[in-house]
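Shown next, in structure tokens, is the structure this report addresses.
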Amino acid sequence: MVLEAVWTRTPVWMGAARLLDHRRMLTLLMVGAVVLSVSGIDWGSPLFHTGGGGAARDFLSALFPPELSPSFLVLALAASWQTLAFAVAGITLAIVLGLPLGVIASGSVFGSGRSSIAPIAAARFFLAAIRSIHELVWAVLFVAAFGLSSLTAILALALPYAGILGRIYADLFNNVPQEPLQALRSSGASPFRVFLYGRLPMALPDAIGYTFYRFECAIRAAAIMSFVGIRGLGYEIQLSLNDLLFGQVWTLMLLLVALVLVVDRWSSTLRRSLIT
Amino acid sequence: MTTRIGISGVSPTSHPIRFTRISAITFLVLAVFSWGYLLVGNNSGLGNFSSSEMWDNASRFVQELAGVQAPVRPAFLNLDRWFETGKLAYQTLAMSVLAIGLAGIAVLATFLPGARNVGNGDLGGACSPGWRLLYYLVRAVFAFTRAVPELVWALLLVFFLSPGIFAGALALALHNYGVLGKLSAEVVENLDPSPAQALKRAGAGNLQMLLYGVMPQALPHFVTYLLYRWEVVIRTTVVVGFVSAGGLGRELRLSLSFFHYTDVSQIIIWYLILVITVDLLAAWLRRLARLE
């Protein structure tokens with residue numbers, strides 16, 4: 001009773017907020033935040049550093065044409081394959097880790113009793129924890145702990161992705177239409193059977209579509225694993241930049257863009273064909 | 001309408017099941033080859049993970065993070081250090097806001113011609129070669145900026161710009177410009193066209209159709225996407241700090257290379273505080289965007 005009274009009394013600042021109406025308040029808050037962040041920059045120092053403008057011109061003119069010699073193309077294609085391989089390995093491990101966690105977090109395989117709260121909460125907390133940390137932060141920590149190797153990078157990529165996939169899978173399992181599940185239940189199916197024959201098949205198209213979208217992100221993530229020393233497109237971009245070979249940088253960037261766009265097109269086509 | 005040919009030359013609309021099956025098989029083959037390539041290659045790390053030496057090292061690393069037997073007072077027991085790294089956390093937050101702000105302003109200025117139904121004259125715009133060219137141009141810029149990860153943008157930008165918060169924010173903004181631009185253009189493509197067309201019948205010009213028929217419907221979606229992207233950006237800001245000399249990221253990298261492991265754990269605590277704060281703030285602001 002007391003709690004309810006506290007809850008329903010409107011604080012003064014919320015009354016003021018009502019006067020403003022929500023949309024206007026949102027606009028004010030967002031504009032204010034950007035202005036505040038702009039004022040935090042040290043505008044005294046020059047925007048371009050010495051020679052930066054010239055380097056920018058050199059970089060842009062190097063696009064016409066980019067480096068296309070056969071020997072470099074072979075190297076660039078090999079780097080693309082390495083990046084793709086890390087992305088595929090990372091996302092498959094993420095699915096393997098994320099799916100069971102997502103099933104537990106959705107709570108759909110347990111009965112509705114009190115005992116199911118603890119595993120659901122634990123799985124949700126674990127998923128939230130692993131996805132809060134960026135894959136590259138995991139990578140620098142894992143390299144410090146385990147040393148640099150392919151498995152370290154795959155694990156670093158897979159952990160946050162498992163956290164994201166698991167959470168989305170859990171939501172998808174919970175958001176399926178309820179009538180077919182009721183039909184299964186009334187025919188005496190256990191929660192696990194309801195999951196296997198009801199929730200899983202109904203959630204599958206969306207789950208596959210989202211996983212493919214994440215696969216596209218994983219390619220970018222695999223490319224930047226170069227920061228801990230993993231070979232691939234990002235690694236070669238860094239090397240070429242250090243040697244001021246801007247034509248090579250363009251070739252590598254265009255290959256990365258092509259790789260991402262192919263997977264993007266694959267995933268959007270697949271999503272369309274899963275819906276029909 | 002142009003017909004779209006899917007990968008492997010199978011038209012998805014006529015053979016959806018075949019396309020799904022081919023995709024599944026392709027992905028499985030890719031997975032087998034990738035794992036095979038990475039595990040067979042030198043330095044797979046497979047041997048390391050079964051050696052007790054590596055696990056000893058890992059447990060020592062965790063102990064050092066926790067400040068067990070640290071030679072100096074652990075950073076997380078030192079109030080002054082909390083304030084110093086707190087300032088960096090504020091810088092990181094400012095960088096993320098600036099990044100998402102820059103991306104949002106740029107997207108607002110350019111996303112309308114990137115929608116197919118604006119470019120072909122259904123909703124403002126006009127069915128002319130100029131608008132069509134603009135559509136392809138805007139979409140190509142979205143695709144390119146989106147496909148290049150933030151960190152690669154940062155690497156390039158610190159080549160030209162003085163390293164600092166602004167260079168990092170610009171790198172983050174470039175990638176998110178592509179992401180948000182594509183999402184916003186797709187929102188317009190899926191909009192209900194009737195308000196804009198009613199305006200047209202009432203004699204509205206192109207600009208009026210876009211401003212009063214399209215924008216009011218598209219803006220709430222845009223703001224929602226913007227706030228979702230902010231949650232991603234705050235996680236990535238730390239990483240961009242590795243190269244662009246700003247905020248927590250740079251400090252994390254320095255502390256790791258100087259083996260100041262208790263500083264590392266302090267930075268990670270700040271990082272988690274930032275991530276959780278931004279997630280909560282963004283969720284609250286999204287609720288504001290939804291309410292009338």
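The values are calculated or read from the model by the stated rules, or taken from the named source; none is laboratory data. Owing to the predicted nature of the structure, the values given are computational and were not obtained by experimental measurement. Positions of Cβ are generated from backbone atoms using ideal geometry, with glycine treated the same way; all protein chains shown enter the neighbour counts.
Check A:R131, A:R193, A:R167 and return the single one that is farther than 21 Å from B:R235 by Cβ and not hydrophobic (A, V, I, L, M, F, W, C). Break it down into steps so the answer makes sense when it comes.
On the way: A:R131 fails: farther than 21 Å from B:R235 by Cβ; A:R167 fails: farther than 21 Å from B:R235 by Cβ.
Testing whether each residue is farther than 21 Å from B:R235 by Cβ and not hydrophobic (A, V, I, L, M, F, W, C) leaves just A:R193.
Find the helices (runs of 4 or more DSSP H) located wholly in region B:207-292 whose residues include 2 or more that are polar (S, T, N, Q) and in contact with a Gly (Cβ under 8 Å, 6 or more places away or on another chain), and list them.
B:215-244, B:261-290
Restricting to region A:227-256, what's the tally of residues that are within 21 Å of the chain's Cα centre (by Cα) and at the interface with another protein chain (Cβ under 9 Å from one of its Cβ atoms)?
Counting residues in region A:227-256 that are within 21 Å of the chain's Cα centre (by Cα) and at the interface with another protein chain (Cβ under 9 Å from one of its Cβ atoms) gives 5.
Residue check: is B:L180 on the phi < 0 side of the Ramachandran plot, buried (at least 18 other Cβ atoms within 10 Å of the Cβ) and more than 13 Å from chain A (Cβ to nearest Cβ)? Show your work before the answer.
Values: on the phi < 0 side of the Ramachandran plot: yes; buried (at least 18 other Cβ atoms within 10 Å of the Cβ): yes; more than 13 Å from chain A (Cβ to nearest Cβ): yes.
Yes: the conditions hold for B:L180.
For B:Q91, work out the one condition from (1) surrounded by fewer than 14 Cβ atoms within 10 Å (Cβ to Cβ); (2) within 30 Å of B:A167 (Cα to Cα); (3) not aliphatic (A, V, I, L, M) it doesn't fulfil.
(1)
What are the residues in region B:128-169 that are within 19 Å of B:S184 (Cβ to Cβ) and among the aromatic types (F, W, Y), if any?
Across region B:128-169, the qualifying residues are B:W131, B:Y135, B:Y136, B:F142, B:F144.
Given the conditions (1) part of a loop (DSSP other than H, G, I, E, B); (2) at pLDDT 90 or above, and given that A:A153 satisfies all but one, which numbered condition is not satisfied?
So A:A153 meets the others, but not (1).
How do the helices (runs of 4 or more DSSP H) wholly within region A:26-138 filter down when requiring 2 or more residues that are more than 9 Å from chain B (Cβ to nearest Cβ), buried (at least 17 other Cβ atoms within 10 Å of the Cβ) and not polar (S, T, N, Q): which remain?
On the way: elements: A:52-61, A:70-106, A:117-132.
Correct list: A:70-106, A:117-132.
For A:S273, only one of the following conditions fails: (1) in contact with a Pro (Cβ under 6 Å, 6 or more places away or on another chain); (2) under 30 Å from A:G54 (Cα atoms); (3) small (G, A, S). What is its number?
Of (1) in contact with a Pro (Cβ under 6 Å, 6 or more places away or on another chain); (2) under 30 Å from A:G54 (Cα atoms); (3) small (G, A, S), only one is false for A:S273: (2).
Which of the residues that make up region B:269-291 are more than 10 Å from chain A (Cβ to nearest Cβ), surrounded by 19 or more Cβ atoms within 10 Å (Cβ to Cβ) and over 13 Å from B:L226 (Cα atoms)?
Selection gives B:W270 alone.
For B:P71, work out the one condition from (1) part of a helix (DSSP H, G or I); (2) modelled with pLDDT under 85; (3) surrounded by fewer than 17 Cβ atoms within 10 Å (Cβ to Cβ) it doesn't fulfil.
(1)
Of these, B:N43, B:N117, which one is within 30 Å of A:V262 (Cα to Cα) and touching a Pro at 6+ places or on another chain (Cβ under 8 Å)?
Checking each option against the conditions leaves just B:N117.
Kindly indicate whether any position in region A:208-223 is more than 12 Å from chain B (Cβ to nearest Cβ) and either touching a residue at least 40 places away in the same chain (Cβ under 8 Å) or of a type in the set (V, I, T) (or both).
yes
Return the residues of region B:226-258 that are aromatic (F, W, Y) and either free of Cβ contacts under 8 Å to residues at least 24 places away in the same chain or surrounded by 19 or more Cβ atoms within 10 Å (Cβ to Cβ) (or both); say none if nothing qualifies.
Answer for region B:226-258, where residues must be aromatic (F, W, Y) and either free of Cβ contacts under 8 Å to residues at least 24 places away in the same chain or surrounded by 19 or more Cβ atoms within 10 Å (Cβ to Cβ) (or both): B:W230, B:F242, B:F258.
With respect to B:F259, determine if the residue is under 21 Å from A:V260 (Cα atoms) and within 12 Å of another protein chain (Cβ to nearest Cβ).
Against the criterion (under 21 Å from A:V260 (Cα atoms) and within 12 Å of another protein chain (Cβ to nearest Cβ)), B:F259 does not qualify.
Given the criterion within 12 Å of chain A (Cβ to nearest Cβ), over 19 Å from B:F83 (Cα atoms), surrounded by 19 or more Cβ atoms within 10 Å (Cβ to Cβ) and not aromatic (F, W, Y), identify the matching residue among B:A185, B:A218, B:A196, B:A173.
Matching residue, one of B:A185, B:A218, B:A196, B:A173: B:A173.
Report, by residue number, each residue of region B:29-57 that is modelled with pLDDT under 85, part of a helix (DSSP H, G or I) and buried (at least 17 other Cβ atoms within 10 Å of the Cβ).
B:N48, B:M54
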